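Visitor: What follows is a single structure, and I will ask about it in a moment.
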Amino acid sequence: ASGVIPQITAVFGTCGGGMALMPALTDFTFMESKNAKLFVNSPNALEGNEVSKCNTASAKFQSEDAGLVDFTGSEDEVLSGIRKLVTLLPANNEEDAVDDCSDDLNRVCADLANAAGDTAILLSNIADDQDFVETKADYAKEMVTGFLKLNGTTVGAVANRTEVYGADGEKAEEFEAVLTARGARKAARFVKFCDAFNIPVLTLVNVKGYKASKCTEKKIAKAAGRLTYAFVNASVPKVTVVVGEAYGTAYLTMNSKSIGADVVYAWPNATIGMMDASAAAKIMYADEIAKADDSVALINEKAAAYREMQSSALAAAKRGYVDDIIEACDTRKRVIAAFEMLFTKREDRPDRKHGTV
């Protein structure tokens, strides 16, 4: 039934040993946060570990560290969450998840540019009735995945995130604008689900490279490759909005036009190119900078010129990398219009058994 009907697992009690494979085989997993246990090997069976040290069977560990659980909460919250998720998903892979929309299609989202850091808030603002359901919200928080309705049609969203704001409006966490191995794996799996059930994909981009650490270096090439493959392989309508930085192959991986995005928009302040303008200026004008009396001023001058000529949204649009430059407040209506245009999109692909990435 995988890829034919959406499959959901809910863990309310003990789910151990071989039974722990069940959540891994389904599309979405809910877990009761206090009493439920999910493990292959019990915490005390792990060498050098015990429950008091690290409870690897807890909902907290499985959602934040393992990334196996999508949603956690009380029993009532889990049941309510399942009902809400089911209303967003199609009944099967041959049906469209389309409902009536009572929200204004041309609603202007004022101050949307201020939400470029926390894209979960941005997605909530542009969604019908401002309702966005985030999946795996506690795992790889620098990458947002989830579902929203746009003109009554369910759309899957993938977005880079650099900030997390709490319910009180205060900044709770901050991240670099980079791709991580965890974030790439999380997004790749989500895109594959959307493609299996003909759910259009919206991508919000704000990324300048890959995370640089020894741990990430072990996994990032494969993870980023799988994300690139997931986007390329997806035949559903794909719309991308560059809301911040978009540099190098990290941007290419995030559903750029180069790998098959159908429509690409950019906000006026977006920067798109191979690298940051200051870094490029330091490389290109290294000799002049070394001889300059005021190297900082020269770098700033050259960087500004490079930014205007090479990495501005206008420069990208002139080269065909961006279809249109849109005001942030108009994102909702422009994205809806793009998906409406792409509603009947069909692609012919070469016959094959399956890919190998």
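Visitor: Mind counting the residues in region 190-212 that are open to solvent by less than 40 Å² (accessible area, probe 1.4 Å) and at pLDDT below 95?
Guide: 1
Visitor: Still on this model: Within region 227-246, can one find any residue that is in contact with a Leu (Cβ under 7 Å, 6 or more places away or on another chain), at pLDDT 95 or above and closer than 22 Å to residue 163 by Cβ?
Guide: yes
Visitor: Moving to a separate point now. Please work out which residue is surrounded by the most Cβ atoms within 10 Å (Cβ to Cβ), limiting yourself to region 114-129 and to residues that are farther than 16 Å from residue 243 by Cα and of a type outside the set (A, V, I, L, M, F, W, C).
Guide: Filtering region 114-129 for residues farther than 16 Å from residue 243 by Cα gives 127-129.
Imposing the further condition that a residue be of a type outside the set (A, V, I, L, M, F, W, C) reduces the set to 128-129.
Values: 128: 24, 129: 11.
Restricting to residues being farther than 16 Å from residue 243 by Cα and of a type outside the set (A, V, I, L, M, F, W, C), the top hit is 128.
Visitor: Would you pick out the residues in region 22-54 that are aliphatic (A, V, I, L, M), in contact (Cβ under 8 Å) with a residue 12 or more places away in the chain and outside any loop (DSSP other than H, G, I, E, B)?
Guide: First, the residues of region 22-54 that are aliphatic (A, V, I, L, M): 22, 24-25, 31, 36, 38, 40, 45-46, 51.
Narrowing the set further to residues that are in contact (Cβ under 8 Å) with a residue 12 or more places away in the chain leaves 22, 24-25, 31, 36, 38, 40.
22, 24, 25, 31, 38 - these are the residues of region 22-54 that are aliphatic (A, V, I, L, M), in contact (Cβ under 8 Å) with a residue 12 or more places away in the chain and outside any loop (DSSP other than H, G, I, E, B).
Visitor: So, of the residues in region 95-110 that are free of Cβ contacts under 8 Å to residues at least 60 places away in the same chain and in a loop (DSSP other than H, G, I, E, B), which turns out to be surrounded by the most Cβ atoms within 10 Å (Cβ to Cβ)?
Guide: The initial filter retains those residues of region 95-110 that are free of Cβ contacts under 8 Å to residues at least 60 places away in the same chain, namely 95, 98-104.
Applying the additional criterion that residues be in a loop (DSSP other than H, G, I, E, B) yields 95, 99-104.
Numbers: 95: 12, 99: 13, 100: 7, 101: 15, 102: 8, 103: 17, 104: 10.
So, considering only residues that are free of Cβ contacts under 8 Å to residues at least 60 places away in the same chain and in a loop (DSSP other than H, G, I, E, B), the one surrounded by the most Cβ atoms within 10 Å (Cβ to Cβ) is 103.
Visitor: Please go through (1) in contact (Cβ under 8 Å) with a residue 60 or more places away in the chain; (2) outside any loop (DSSP other than H, G, I, E, B); (3) in contact with an Asp or Glu (Cβ under 8 Å, 6 or more places away or on another chain) for residue 185 and return the number of the only condition it doesn't satisfy.
Guide: The single condition residue 185 does not satisfy is (3).
Visitor: Any idea which residue in region 130-189 is surrounded by the fewest Cβ atoms within 10 Å (Cβ to Cβ), counting only those that are among the polar types (S, T, N, Q) and within 15 Å of the chain's Cα centre (by Cα)? Don't jump to the end; show me each part of the working.
Guide: Initial filter on region 130-189 (among the polar types (S, T, N, Q)): 130, 135, 145, 151, 153-154, 160, 162, 180.
Narrowing further to those that are within 15 Å of the chain's Cα centre (by Cα): 135, 145, 160, 162, 180.
On the way: 135: 21, 145: 25, 160: 30, 162: 19, 180: 23.
Only one residue tops the list, namely 162.
Visitor: Output the residues belonging to region 265-306 that are under 28 Å from residue 338 (Cα atoms), surrounded by fewer than 20 Cβ atoms within 10 Å (Cβ to Cβ) and of a type outside the set (A, V, I, L, M, F, W, C).
Guide: 268, 269
The values are calculated or read from the model by the stated rules, or taken from the named source; none is laboratory data. Predicted, not measured: the structure shown is a model, and the values here were computed from it. Glycine gets a Cβ as well: all are built from the backbone with ideal geometry, and neighbour counts include every protein chain shown. Remember, those area values only see protein heavy atoms, side chains included, never the ligands or the DNA or RNA. Shrake-Rupley method; radii C 1.70, N 1.55, O 1.52, S 1.80 Å.
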